[in-house]
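Novice: Below are the structure tokens for one structure; questions will follow.
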Amino acid sequence: DAGVTQSPTHLIKTRGQQVTLRCSPKSGHDTVSWYQQALGQGPQFIFQYYEEEERQRGNFPDRFSGHQFPNYSSELNVNALLLGDSALYLCASSSPTSSTDTQYFGPGTRLTVL
Amino acid sequence: AQSVTQLDSQVPVFEEAPVELRCNYSSSVSVYLFWYVQYPNQGLQLLLKYLSGSTLVKGINGFEAEFNKSQTSFHLRKPSVHISDTAEYFCAVSRDRDDKIIFGKGTRLHILP
């Protein structure tokens, strides 16, 4: 059973460009959350998707948007990239129907903005 | 709102010595507590979690943590560390199992030979 997968592994973009990161949740999970981890910091919550809707959102500008597909996979889009968007982007999946399970994290996508 | 404070940004410890990584949290509601480990250039791996029940929680790789509600702490301990434990450790809190997770800033565990 594959865990949470993310693509691509690494990405290099220039300021002003747009980027799309992808996440496939763990089998049986229907909720996907995205986190940004800047260098030397703890991860920060961006938003969470459930039933193809944004259910929660952290303190991130509208340049950060997302989408969830019927198969529960998700995309994170960032427009008008800034140097400060350079970070490790982590995806986590979970299932609200589980009584003991918690969120599982993927390996992350490292985004470098030049 | 919840918050997490990891009191030490770096902890150096000799190999085979015991270690404690400190974590305090703040919340107006009951929370779930977690410790994650991040090895260099990798994602997050769950070490252990406290959801309810016994306040002493055992995790992977010989780690354990104790939930102390009165002191709002969730310190991580290991009786004997190995060089392979070199990593960044994150304490985290959430209101529910699939709610957003609030992370501390991390503690870098540096194992000395």
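Novice: I want to confirm something. Restricting to the stretch B:91-113 and keeping residues that are more than 11 Å from every other protein chain (Cβ to nearest Cβ) and open to solvent by 10 Å² or more (accessible area, probe 1.4 Å), which single residue is farthest from the chain's Cα centre (by Cα)? If you could, list the steps in order and put the result at the bottom.
Specialist: Pass one, the stretch B:91-113, residues more than 11 Å from every other protein chain (Cβ to nearest Cβ): B:93, B:109-113.
Applying the additional criterion that residues be open to solvent by 10 Å² or more (accessible area, probe 1.4 Å) yields B:110, B:112-113.
Numbers: B:His110: 15, B:Leu112: 20, B:Pro113: 23 Å.
So the residue we want is B:Pro113.
Novice: Failed condition for B:Val29, given (1) closer than 26 Å to A:Ala92 by Cβ; (2) open to solvent by less than 60 Å² (accessible area, probe 1.4 Å); (3) away from chain A (no Cβ under 14 Å); (4) β-branched (Val, Ile, Thr), with all others met?
Specialist: (2)
Rundown of residues vs (1) open to solvent by less than 30 Å² (accessible area, probe 1.4 Å); (2) among the acidic types (Asp, Glu); (3) in contact with a strand residue (DSSP E or B) (Cβ under 7 Å, 6 or more places away or on another chain), yes/no style:
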residue: A:Glu52; (1), (2), (3): no, yes, yes
residue: A:Asp62; (1), (2), (3): no, yes, no
residue: A:Pro70; (1), (2), (3): no, no, no
residue: A:Leu82; (1), (2), (3): no, no, yes
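Novice: Assuming B:Val11 fulfils every condition listed in (1) part of a strand (DSSP E or B); (2) within 26 Å of B:Arg95 (Cα to Cα); (3) open to solvent by less than 60 Å² (accessible area, probe 1.4 Å) apart from one, which condition is it?
Specialist: (2)
Novice: Can you give me the ranges of the strands (runs of 3 or more DSSP E) entirely in the stretch A:47-114 with at least 2 residues that are modelled with pLDDT of 95 or more, within 14 Å of another protein chain (Cβ to nearest Cβ) and under 17 Å from A:Thr9 (Cα atoms)?
Specialist: On the way: elements: A:53-57, A:64-68, A:74-78, A:87-94, A:109-113.
Where strands (runs of 3 or more DSSP E) fall fully within the stretch A:47-114 and carry at least 2 residues being modelled with pLDDT of 95 or more, within 14 Å of another protein chain (Cβ to nearest Cβ) and under 17 Å from A:Thr9 (Cα atoms), they are A:87-94, A:109-113.
Novice: Let me ask another. Which residue pairs have Cβ atoms under 8 Å apart, sit 6 or more places apart or on different chains, and have a first residue in the stretch B:1-16 that is closer than 19 Å to B:Ser73 by Cβ and a second that is basic (Lys, Arg) and in a strand (DSSP E or B)?
Specialist: Going by the 8 Å Cβ cut-off, the qualifying pairs are B:Ser9/B:Arg108; B:Val11/B:Arg108.
Novice: Also: In the list A:Thr5, A:Thr31, A:Thr9, A:Thr20, which residue meets the criterion of being farther than 25 Å from B:Leu46 by Cβ, of a type in the set (Val, Ile, Thr) and touching a residue at least 24 places away in the same chain (Cβ under 8 Å)? Explain how you work it out, then say what you get.
Specialist: Numbers: A:Thr5 fails: farther than 25 Å from B:Leu46 by Cβ; A:Thr31 fails: farther than 25 Å from B:Leu46 by Cβ; A:Thr9 fails: farther than 25 Å from B:Leu46 by Cβ.
The unique qualifying residue is A:Thr20.
The values are calculated or read from the model by the stated rules, or taken from the named source; none is laboratory data. Worth saying up front: this structure is predicted, and the values here are computed from it rather than measured. Because the Cβ atoms are built from the backbone with ideal geometry, glycine has one as well, and the counts that use them run over all protein chains shown. We work out accessible area using only protein heavy atoms, side chains counted, and drop any ligands, DNA or RNA first. Shrake-Rupley method; radii C 1.70, N 1.55, O 1.52, S 1.80 Å.
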